[in-house]
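Inspection log for the structure reproduced underneath, given as structure tokens.
The values are calculated or read from the model by the stated rules, or taken from the named source; none is laboratory data. Keep in mind that what you see is a predicted model, and the values were worked out from it rather than measured. Cβ placement follows ideal geometry from the backbone for every residue including glycine, while neighbour counts extend to all protein chains displayed. These accessible areas exclude ligands, DNA and RNA; they are computed on the full protein's heavy atoms, side chains included. Shrake-Rupley method; radii C 1.70, N 1.55, O 1.52, S 1.80 Å.
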Amino acid sequence: MNFDKEMLLEKGRFVLKTAEKLGATQTEVTVGIQNSALTRLANSIIDQNVAEHHATIQTIIYVGKKKGSTYVEVIDNDSIRKAVENAIKIAKMSPDDKDFQSLPGALPYNSIPIEDLVSKNTMNTTPEQRAEHAKMVIDTAHSVDDRIKAVAGAISHGIGERVILNSLGVEAYDARTYANVNLTILAEDGKEQTAGWYADNNTDFGKLHFKEVAEIAARKAAEGFGMKAIEPRDYEVVLEPAALSGLLVYIAYFGFSALMYQEYISFLRDKIGTKLFSEKFNLWDDALDERTTFRTFFDDEGFPKSKIDLVENGIIKNLAYDSYTAGRDNKLSTGHHNKEEGHSLPFPNNMFVGEGDSNLNEMISETKDGLLITHFHYQNAVNPTEGIFTALTRDGTWKIEKGEVKYPVRTLRFTDAAPRFLGRIDLLGTYPKINASTFKVPTIKLPSFRISSIQK
Amino acid sequence: MKDLTQKAIDVCVGEGASYADIRIVTIMDEDITIKRGNIDVLNLTTRTGFGIRTIANGGLGFAGSYLLNTPEIERVAKLSVRIAKASGKTRKKPIRFVDEPAVEDTYITPFKKDPFSIPTEDKISILMEADKRMREASDKVKMTQSDYRAFREDKIFASNEGAFINQQITFCGGGISVTVAEGGKQPQTRSLPASFRGDYSTQGFEYFEKLNLIDLSEKSVDEAVQLLDAKQCPSGKMTLLLDGNQLMLQVHESCGHPTELDRVLGTEAAYAGTSFMTPDLVGKLKYGSDLVNITADSTLHGGLGTFGYDDEGVSARRTELIKEGLFVGYQSSRETAAILGLERSSAGMRADNAQHLPLIRMVNINLEPGDWNRDELIADTKYGILLSTNKSWSIDDKRLNFQFGTEIAWEIVNGEIGQIFKNPTYAGITPEFWNAMDAHTKDDWRIWGTPNCGKGQPGQVMYVAHGVGMARFQNVDVGITKEEGK
């Protein structure tokens, strides 16, 4: 894919000009081109293998306080004109949105050089290279233990280029690449079936740790034999980064999104400034930080990114806002607009949990009666207004007793309130070398985590 | 379009494909959401594109693009074959499909009122009125939402086997939701007729009108306000009754997903998971009580899983999954049916847009109607808890250990509906739970439609449906969250 910033800008400007002629008072347009490919593994073969090529234009029109939007997958000017006409037409029949104040105006960006966001390796990756890496991870996993039965997972990469323009002068352009490998490896010994998982994310396909990911996932599967059922109750817990990161998606969605707060869903309602978590818990969002895997310097409405503290020493500090939700609370956007085909929600996409100075070995040795959890499956809020979440363990969970990993355990369900289980933290580790999760999260040891049911 | 589809097939075969199909799809999706009297979403999506699926050197390839012209079709056809050949390098056995007739046909969803011909003002007017009535019904109302959606998919399927199928699928529907709060009490939400943006059907605008959202608005507020002062749902083993708008998700998660044959065969192992319903258990596993009959049926009128042909060109059909409690069948594709030695596919393959590979997706997965009337079933219950309207769901990767929460529950004492409970939850293990079903209704049986089922890598969101009434289960764990957060 060749970059074509000028073409995207030209299409965007065409939308603004057309909308103005037709009576729009404010207009925002996002023009994007995406190429992606994904090779899916199952039963130690390539089972699915796909490539996509998209061009999309999302137009949001305001006529006074009346709003209409269109999302189209076309790039020719006649179709674009029709999409703008449709957006104007539906905006004019819309009732006033009393909460709408304005689209964001132009502000300076802390730009990131395009060469830091885009990898040529990723752009040039071929189906044959994905197949070679697939074969390598399959062979690597099977070489770890002869009980490895099946390698599943995905190897993917993509490139996206976008411009966001609005009639108040916002003009933002970036291009990004991504690459991912995630493997779920199944093992069997005739009596039991076990599983292990690991993943890596990078902008550069060439920097993915394919071999290590295959080895770690295979070892987890091999070390999963001899599973025992344990009773549901409170345990100490050591959560690997992917486990905590998975929970953070739901904690942030149901807690720190200003939209959820304003709609009385968030468990942080009336808790800003309150100490809700352990003083060791620090959570922030920073899309500009070089340590985050997928950096960006503006959000989906072209508002500049900056660092925002969400939790400082256990105290709730801020919510994630976009222009619309910020306008309702008489605040400024924090640059967290996320949009998808007409729907939008502020969300912190680049979260960090503050590191400590511990490590996995120390955490295990400090655990008397606890669990070591790789990651979770099917997280969900049970009661978002109280911050109660549930999920099941998956792909490697072990019992820790008197400072030693003793045996693997069968699938467990936790059901617990985030303010309770993050209310006390024993130890925090450092960020892992391999980015198994997209958030920057260390391993964490908690003194109490509520297991609500087990699978016998 | 026939010239374009033939061009694609010719290029694929010329590049060495032993099988090739192409889907050309245009999607129109009208989405309206009103929140607190304001337009939150008023959006029209139009997506056009194509996807080419090939088998070459025994491997499967797929590529798609938004750009529908001859040079792009040639490029994508070649890429699809190249990807298939790369895939073939790791295969131990070449992909094989079961035989299905190559059909030339047209199918159009029957409807009375075309939702895309109804003025948008009329849709907004209904939503605004429902929203207004909710806001005016109580000063405790903090959040209101009214939703409408109409979806249309025009698709052409052609294959080198000679199939050429034109289809137009249309669905329409909506729902309302209200959140109330007062002082330090926990906010409560009620959604009607179902949560997560309502209920949908492959019908026209007449279905949205039939939902009567304006008439439901006061009821939603009344129940939400009652929930503010309601007691916490009791906990313990007890008799559980599930309303249709929760029972449908129970069927979805604990029978729909585990009988998808691609999951069973390991294709989804890395993401959605596998299944406890393995092939050695077909005809042996007592999945449920004798009253449990579950089918996959894409021929029923109005279901979101209703169509003429799936995205492999296989005609709509009915397949038994559970018969009198016994596990008897799977939802399948041409490839997975061949692996298992089945004669036919269940016509389960669908993709959520042109550029996504078709996967086995639920059609209308139905708990077949029972013998009871709703009033009789309630009157027959000495003590039980009736749960309604899904709020939370979670199930493990083999689809055994589930936990659900609903918006509201009613206590049933001596055959009469009594007080309301808040925050109801229940949990169980799939076969234990379905074996505990001792009654299912027929008079309130209907097909519920949900357009929100996620699956696959890259992720796809499909529209599916479930026909259910109200069912009763004995000795279920209710009230899991009683002490959480303390």
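Tabulated results
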{"quantity": "Enumerated strands (runs of 3 or more DSSP E) restricted to the range B:309-424, each holding at least 3 residues that are not polar (S, T, N, Q)", "calculated": "B:318-323, B:383-395, B:401-413, B:416-422"}
{"quantity": "Subset of the range A:372-397 [of a type in the set (Phe, Trp, Tyr) and surrounded by 24 or more Cβ atoms within 10 Å (Cβ to Cβ)]", "calculated": "A:Phe376, A:Phe389"}
{"quantity": "Check on A:Asp329, crowded, with 18+ Cβ neighbours inside 10 Å, within 30 Å of A:Phe100 (Cα to Cα) and in contact (Cβ under 8 Å) with a residue 60 or more places away in the chain", "calculated": "no"}
{"quantity": "Filter result (open to solvent by 30 Å² or more (accessible area, probe 1.4 Å), closer than 30 Å to A:Ser102 by Cα and not basic (Lys, Arg)) within the range A:166-210", "calculated": "A:Ser167, A:Leu168, A:Gly169, A:Glu171, A:Tyr173"}
{"quantity": "Any chance A:Glu231 is open to solvent by 30 Å² or more (accessible area, probe 1.4 Å) and either more than 20 Å from A:Lys433 (Cα to Cα) or in contact (Cβ under 8 Å) with a residue 60 or more places away in the chain (or both)", "calculated": "yes"}
{"quantity": "Every residue from the range A:79-89 that is under 30 Å from B:Arg36 (Cα atoms) and open to solvent by 20 Å² or more (accessible area, probe 1.4 Å)", "calculated": "A:Glu85, A:Asn86, A:Lys89"}
{"quantity": "Where B:Leu304 falls short, out of the listed (1) out of contact with any helix residue (DSSP H, G or I) (no Cβ under 7 Å at 6 or more places or on another chain); (2) open to solvent by 10 Å² or more (accessible area, probe 1.4 Å)", "calculated": "(2)"}
{"quantity": "Matching residues in the range A:120-160 - criterion: being hydroxyl-bearing (Ser, Thr, Tyr) and away from chain B (no Cβ under 12 Å)", "calculated": "A:Thr122, A:Thr140, A:Ser143"}
{"quantity": "Residues of the range A:254-273 satisfying the condition of being more than 14 Å from every other protein chain (Cβ to nearest Cβ) and open to solvent by 40 Å² or more (accessible area, probe 1.4 Å)", "calculated": "A:Ile272, A:Gly273"}
{"quantity": "Within the range A:375-385, tally of residues that are touching a strand residue (DSSP E or B) at 6+ places or on another chain (Cβ under 6 Å) and at the interface with another protein chain (Cβ under 7 Å from one of its Cβ atoms)", "calculated": "5"}
{"quantity": "Condition met for B:Tyr463 (farther than 26 Å from B:Ala351 by Cα, of a type outside the set (A, V, I, L, M) and in contact (Cβ under 8 Å) with a residue 60 or more places away in the chain)", "calculated": "no"}
{"quantity": "Strands (runs of 3 or more DSSP E) wholly inside the range B:25-137 containing at least 1 residues that are closer than 20 Å to B:Phe151 by Cα, out of contact with any Asp or Glu (no Cβ under 7 Å at 6 or more places or on another chain) and at the interface with chain A (Cβ under 8 Å from one of its Cβ atoms)", "calculated": "B:38-56"}
{"quantity": "Qualifying positions in the range A:427-456 - in a strand (DSSP E or B) and within 14 Å of another protein chain (Cβ to nearest Cβ)", "calculated": "A:Ser448, A:Phe449, A:Arg450, A:Ile451, A:Ser452, A:Ser453, A:Ile454"}
{"quantity": "Subset of the range B:420-436 that is over 19 Å from B:Asn390 (Cα atoms) and more than 14 Å from chain A (Cβ to nearest Cβ) - its residue that is least open to solvent (accessible area, probe 1.4 Å)", "calculated": "B:Ala436"}
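A quick yes/no check of all residues on (1) hydrophobic (A, V, I, L, M, F, W, C); (2) in the same structural domain as B:Phe171 (by TED's automatic domain parsing); (3) under 19 Å from A:Lys67 (Cβ atoms):
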{"residue": "B:Ile95", "(1), (2), (3)": "yes, yes, no"}
{"residue": "B:Pro101", "(1), (2), (3)": "no, yes, no"}
{"residue": "B:Thr109", "(1), (2), (3)": "no, yes, no"}
{"residue": "B:Glu121", "(1), (2), (3)": "no, yes, yes"}
{"residue": "B:Asp139", "(1), (2), (3)": "no, yes, no"}
